[in-house]
């Protein structure tokens, strides 16, 4: 069900299920929803809109611990390093507390 001007895809949309093509198809659906909302006029793009800054402020006010892109890069590097040690491309950090520990270090 599409809610106007609310978009997500991947695991955020349905949880950790499916394969890459599932996620890809959901991303296409999300893109179509954005275009549909633009065409209908429900979604407008204006320079004065706050965008991600307003979202980050709201999350901060609600006490949500946000992982920045730079912090995500720390997680990514740690997973790649762990994978190399095991002869793999990466070793996922599956424990959220461990992941946040790496991100916030």
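Rounded to the nearest 500 deg cm²/dmol, what is the calculated helix-only ellipticity per residue at 222 nm for the chain, with -39500 (n - 2.57) per DSSP H run of length n ≥ 4? Numbers along the way, then the final one.
On the way: 5 runs with 60 residues, N = 105.
Value at 222 nm, helices only, nearest 500: -17500 deg cm²/dmol.
Against the chain, whose longest principal axis comes from its Cα atoms, helix 69-85 is set at around 40 degrees. Size of segment 1-45: Rg and Dmax of its alpha carbons, in Å, are 11.4, 33. Distance distribution note for segment 48-105: the fraction of Cα pairs above 15 angstrom is 58%.
For residue 61 and residue 27, what does the FRET efficiency come to when R0 = 30 Å and r is the distance between their Cβ atoms, rounded to the nearest 0.05? All intermediate terms of the calculation are to be shown ahead of the outcome.
Values: r = 29 Å, r/R0 = 0.97.
Efficiency, rounded to the nearest 0.05: 0.55.
For the residues 58, 43, 12, a GNM of the chain with alpha-carbon springs under 10 Å puts the largest fluctuation on 12. What's the angle, to the nearest 10 degrees (0 to 90), between helix 52-61's Cα axis and the longest principal axis of the chain? Between helix and principal axis, roughly 70 degrees. Against the chain, whose longest principal axis is taken from its Cα atoms, helix 20-40 shows a tilt of about 30°.
When every Cα-Cα distance of the chain is counted in 5 angstrom steps from zero, the calculated P(r) takes the values 2, 10, 12, 15, 20, 17, 12, 7, 3, 1, 0 percent.
Taken together, the values in this text are just the output of simple stated rules run on the coordinates, not laboratory data. What you are looking at is a predicted structure, and each value in this text was computed from that prediction instead of being measured. FYI the Cβ positions are ideal-geometry reconstructions off the backbone, even for glycines, and counts take in every protein chain you see.
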